[in-house]
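One structure is given below, encoded as structure tokens.
The values are calculated or read from the model by the stated rules, or taken from the named source; none is laboratory data. As the structure is a prediction and not an experimental result, all values here were calculated from the model. Cβ atoms come from the backbone with ideal geometry, glycine included; neighbour counts cover every protein chain shown. Ligands, DNA and RNA are stripped out before the accessible areas are found, and what is left, the full protein with its side chains, is counted by its heavy atoms. Shrake-Rupley method; radii C 1.70, N 1.55, O 1.52, S 1.80 Å.
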Amino acid sequence: MRKILFRFTSLLFLTGFGLQAQYYENYFGTNKVHYTEFNWKILETEHFEIYYYPEMKDLAERAAGLAEEQYLELQARMNHSLIKKVPMIIYSSHMHFQQTNTTAGQLPEGIGGFFEFFKGRVVLPSDGSPTNFRRVVRHELTHVFVDSKVNRIIAQHRRLNHPGPPLWFTEGIAEYWSGAPDFQAEMVIRDATLNNTIVPLQELWRIDGSYYMYKLGENFLHFLSENYGEEKVLHLVDNIWKSDEFKKVMLLTTGKDYETLSKEWIYWLKKKYYPTLDSQDQAFSVTRQLTNDGYSMKPAYFSYGKDEDLYYVANRDGFTNLYHQKIGSTKEASKSEVVIRGERSEAFETFHFFKSRIDINKTGELIFSTKSGERDILYVYDTRKKKITHRYRYDDLVGIASPNWSPDGTRIVFSGLSASGNADLYIIRVDSSDLDGSMLRIMNDFYDDKEPAWSPDGKHIAFSSDRNGDGSKGAYNLYLWNVVDNKISPFTSGKFHDAAPTWSPDGKWLAFTSNRVGTPTNVWVMPFNEEYFNSADTSYSHYAPRQLTSFTSAVFDPEWTAKGDLIFSAFENFNFKICRLDSALHKAQTLLPGERLHWSGVKSLWSTPKVQIQNSNSRPYDKRYGLDFVQGAFQASPQYGYGGGAQIGVTDMLGNDQYYLTLYNNAQDVNGILTDWNFVLTKVNLGKRVNYAYGIYRFKGDFYQVGDQGEQAIVAENRYGGFFSVTYPLSKFQRLETSITLSRFRRGG
């Protein structure tokens, strides 16, 4: 008995063949959309192959220099060399990074890069910050070396199927060797210690894969290094072969078990952080809390008459939304309402919860940016009309962050991330003329310029940048850009992280966040006198930064109110809430200068290292295929006999071209060994926005079948055919699909 079957499903407006229309929205998850066609090239160094596209050539060369520098350091530290060159695939923005096919999963904004173990690929984006980029490169290359050395040690000792070290250790050591802990690590560990939420070593598996796990793993290794010697960290790698259980490796290396080490570690943390409560306060205990539910960040304040409004970004229902609530004359933690629903449509695909501030002008026009498709869109929302009035999209910019209104409400300044991977400041016009949306680029360099704030008189824009000489070590300071004469002047200096400047309503004070006393970021203030600032005297003896708050944990994004209070988001008990500090301006005016020593002078601009490239002419990307996975299986059944098979996946380095082969044999006797082979061969192409797949198959054997009357039988069939399918994602949430299958089968063997 032979039959030929055709099956079509389609979204196209065609006739005939029994076409069936289907519309998918969040069907089997969201779509990974390949918006951009990259012209990939390869830059070779002694130990690396850097994959990049022409718009980001400078970034690729910086990555090459950082990678070679880190290679030599890790080679000496671990007494280990890599056998082959490391492929490093770089994207100039997280928007581009999210389109990568080197992994099938969706990549949320919190993912700063990854190391893919099977092919040894390092895949990472730039966010405009050279400091962050350097740390991510170091983190992922530590993974490369640790993975290579662990595999070599296990192979040398013939330990098959060894599980390797746990995730908390592999991520912890990558963070530990990436550089000194940053203020965010300090924030998380201090908060967990003071709130007694440290997860002990033996229970870290409960938080596998979380940011908290990364920071705890890193901190434990600092404890181990300080109390048992730094060599113990490396010995844990060297001794990995001695047991399949890492807790036994820890016992053999340190002489103590998990439980004992956890007690010592937590006690070490308590001795370090408990004394801070004597001189510092927990933010929620000395401020008025304005929000209760979920994570709340990025406040924007608006007042009219006696009424005060608060707008902010929060995650409360599994989605990040833009919220509004009344404050001041009504109950402080009043009921909030959703203004814009995020993460449900292409228009508002992703609010940049931790990266982008929002702002509102005197007439109640709110500005914010969200990811929409392949780039960020800048929106103007009229809070009185309750509708979007302006929408700005720029082909030259992938990212838009922290927009801020000019005092007259006719211009917006923001930090824009270009396809080169550089973050600079831009100004656009907002009006009803033909010039609406016209853009002016203020800076054009590799320094990370962010979080601009327009002065109330419209003459200056304050912003945070790493352009000071200490920026090469991760420092950020405040600068002022003179709108009239296009001049950039330093406002603060030093090896600190000064960020999020905001002007007092009278323009005489700048509040900002800083880690100037070695703690997580607190609010600092600095008076501004234009006449003095423009004078030749740069001693700043009476204008040094002054600490306004002294909290045990970190605060972010301060905003002045019309009454001289400060509103900001605070981190405590692993949560972000928006708080209000009363009479902040009065407190600032009564602070003594007393901080002159923090002014260390302005160092010259710094430059990134270059590397000698073996071949100065980079070559176009050539598809080289390699194994992604190989797995096999064998079965023995009294009823169905014996069988065995394998699955093989082969892709190119970028994951755009994928081949999959499933092969198995289900012969029931010796004669069937040569004839009863089954296979499926599939080719998948993901290199462009339109994804397609095609393949052939053959199935032969006994098949279970239920007849029309419910009768059951086992029949012998020989099936073979081919298939073809096309998918076109309209957005992250919706897609079109069509497919065709041609089948032929014969019963009776």
Between the range 144-195 and the range 224-285, how far is it from one alpha carbon centroid to the other, in angstrom? 13 Å
What do you get for trypsin sites (Lys or Arg not before Pro) in the range 27-105 restricted to DSSP loop and a cutoff of at most 16 other Cβ within 10 Å of the site's Cβ? 84, 85
Gain on full stretching of the segment that runs from residue 590 to residue 58 - 0.36 nm per residue minus C-alpha separation: 186.7 nm
What is the Cα radius of gyration of the range 241-343 over 2.2 N^0.38 Å, N being its residue count? 1.81
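How much of the DSSP bridge set in the chain is antiparallel, in percent, rounded to the nearest 5?
Around 95 percent of the beta bridges assigned by DSSP in the chain are antiparallel ones.
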Around residue 247, what is the net charge, scoring Lys/Arg as +1 and Asp/Glu as -1 over all other residues with Cβ under 11 Å from its Cβ? -2
Provide the gained length on full extension for the span residue 575 to residue 279, in nm with one decimal, where the gain is 0.36 nm per separating residue minus the Cα-Cα distance. 104.3 nm
Give me, ordered by chain and number, the residues 5 or more places off residue 281 or on other chains with an amide H under 5 Å from its own placed amide H. 550, 551, 552
What list of ³J(HN,Hα) couplings, whole Hz, do you get for the range 296-302 from phi and the Karplus terms 6.51, -1.76, 1.60, once you set θ to phi - 60° and write x for glycine and proline? 10, 9, 6, x, 10, 10, 9
For the range 480-495, Karplus couplings with θ = phi - 60° (6.51, -1.76, 1.60), whole Hz, Gly/Pro x: 10, 9, 7, 5, 7, 9, 6, 10, 9, 10, x, 10, 10, 8, x, 8
Order of exposure, largest accessible area first, which applies to 432, 465 with probe 1.4 Å: 432, 465
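Please work out the Kirkwood hydrodynamic radius for the range 656-749, using every pair of different C-alpha atoms, and report it in angstroms with one decimal place.
Details: mean 1/r = 0.0635 Å⁻¹.
Answer for the range 656-749: a Kirkwood hydrodynamic radius of 15.7 Å.
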Just to confirm, what accessible area per residue do you get for the chain at 1.4 Å probe, in whole Å²? 45 Å²
Helix-only estimate, please: 222 nm mean residue ellipticity of the chain, summing -39500 (n - 2.57) across DSSP H runs of length 4 or more and dividing by its residues, to the nearest 500. -6000 deg cm²/dmol
Given (1) 29.2; (2) 28.0; (3) 26.5, which label gives Kirkwood radius over Cα pairs in Å as computed from the coordinates? (1)
SASA check, residue 708, accessible area w/ 1.4 Å probe, all protein chains in place, rounded to nearest 10 Å², comes out at 150 Å²
Quick one: dipole size for the range 266-325, taken about the Cα centre, charges +1 on Lys/Arg Cβ and -1 on Asp/Glu Cβ, in debye to the nearest 20. 380 debye
Leaving ligands and nucleic acids out of the surface, order 446, 574 by accessible area at 1.4 Å, largest first. 574, 446
Given charges at beta-carbon only (K, R positive; D, E negative), |dipole| of the range 245-370 in Debye: 360 debye
Order the following by accessible area, largest value first: 686, 397. Probe radius 1.4 Å; ligands, DNA and RNA are ignored. 686, 397
Could you tell me the distance between the Cα centroids of the range 685-737 and the range 117-135, to the nearest Å? 38 Å
Placing +1 on each Lys and Arg Cβ and -1 on each Asp and Glu Cβ in the chain, then taking the dipole about the Cα centre, the residue among 153, 570, 401 whose Cα reaches farthest towards the positive end is 153
With x for Gly and Pro, the residue-by-residue ³J(HN,Hα) of the range 712-721, computed from phi through the Karplus equation 6.51 cos²θ - 1.76 cosθ + 1.60 at θ = phi - 60° and given in whole Hz, is 10, 7, 10, 10, 8, 9, 10, 10, 7, x
Amide H of residue 736 versus every other amide H placed in the peptide plane: which residues, excluding those fewer than 5 positions away on the same chain, fall under 5 Å? 728, 730
Of every hundred units of 1.4 Å-probe accessible area on the chain, the number belonging to carbon and sulfur atoms, as a percent, is 53 percent
Quick one: which residues, 5+ away or cross-chain, put their amide H under 5 Å from the amide H of residue 45? H built at 1.01 Å from N. 50
With +1 at each Lys and Arg Cβ and -1 at each Asp and Glu Cβ, the charge dipole magnitude of the chain around its Cα centre, to the nearest 20 debye, comes out at 1440 debye
